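The values are calculated or read from the model by the stated rules, or taken from the named source; none is laboratory data. Please read these numbers as outputs of a predicted model, since none were measured by experiment. FYI the Cβ positions are ideal-geometry reconstructions off the backbone, even for glycines, and counts take in every protein chain you see. Heavy atoms of the whole protein, side chains included, go into the accessibility calculation; ligands, DNA and RNA do not. Shrake-Rupley method; radii C 1.70, N 1.55, O 1.52, S 1.80 Å.
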Amino acid sequence: MGSDPTGLTPPSSGALWALLAGGALAFVALALGYEHEPLASLDAEVAQWMATDLPAWVEWLARPFSWLGGWIGLTALGTAAGILLARERAWLDVAVFLAAFVGTQLLVSLLKAFFDRARPDLGSVVPLPESAAFPSGHAAAGAASFGVLAFLIAERLPRPLRTEFWLAVVVLAVCVGLSRIALNVHFVTDVVAGWCLGLAWLAACLLARDAVSRRARSDLVAQSHKV
């Protein structure tokens with residue numbers, strides 16, 4: 001992968017492996033620690049503050065971010081991106097996005113069933129979902145799905161715009177996760193664990209894309225030598 005004059009370089013394989021390992025280890029640490037101090041007190045205190053002292057304007061600001069990070073918002077964004085990628089016949093990129101989106105949902109569903117953590121019961125301004133709390137699906141999907149879409153779109157943008165674009169995507173993913181805390185449907189550790197899981201899965205998807213791309217290039221070179 002070449003250098004970028006803006007200073008924003010595509011992630012190397014080493015960086016992606018580090019992100020995969022770091023995200024997975026951080027998730028495991030949170031999974032083992034959320035019932036113990038100091039994380040248990042942090043979760044309880046933040047949930048109590050959200051239930052009693054959260055300003056109304058923060059609540060209403062959180063709602064659209066929460067909707068965008070849900071399956072309806074992500075499906076709408078993914079459908080639009082999928083159509084554009086399909087028009088380019090970028091089938092590998094379509095497959096990578098589907099792996100990021102669908103894979104995250106499956107991982108989160110399995111982990112929620114395993115941990116079966118109850119959601120905050122101190123009061124929420126929206127109906128509590130019936131699913132378990134840990135990890136946050138919104139946070140995980142925001143990191144993985146938004147991350148893959150951002151990576152694919154950034155490759156197609158002029159280089160001077162890439163830094164600003166990535167900054168906007170990071171802010172969006174963070175706001176989606178924070179919205180779930182503000183609405184008191186998730187604990188802090190649920191959301192942080194979701195970010196860690198999503199980043200690890202994002203790295204795995206991008207590593208798989210790199211491996212398939214390298215294999216395809218090698219096959220083309222081999223075929224050209226035969227000719």
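Per-structure values
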item	result
Cβ-Cβ under 8 Å pairs, at least 6 apart or on other chains, the stretch 70-97 side in contact (Cβ under 8 Å) with a residue 12 or more places away in the chain, far side among the hydroxyl-bearing types (S, T, Y)	L74/S145; L77/S145; G78/S145; L92/S213; F97/S145
Subset of the stretch 67-126 [farther than 27 Å from G33 by Cβ and of a type in the set (D, E, K, R)]	R87, E88, R89, D93
Residues satisfying the stated conditions in the stretch 99-124, i.e. exposed (fewer than 15 other Cβ atoms within 10 Å of the Cβ) and closer than 15 Å to A204 by Cβ	V102, L106
Qualifying positions in the stretch 125-140 - open to solvent by 10 Å² or more (accessible area, probe 1.4 Å) and either part of a loop (DSSP other than H, G, I, E, B) or among the acidic types (D, E) (or both)	V125, V126, P127, L128, P129, E130, S131, A132
Residue within the stretch 53-64 that is open to solvent by less than 40 Å² (accessible area, probe 1.4 Å), among the small types (G, A, S) and modelled with pLDDT of 85 or more present	yes
Looking only at the stretch 12-52, and only at residues there that are open to solvent by 40 Å² or more (accessible area, probe 1.4 Å) and outside any helix (DSSP H, G or I), the one that is nearest to V185 (Cα to Cα)	E35
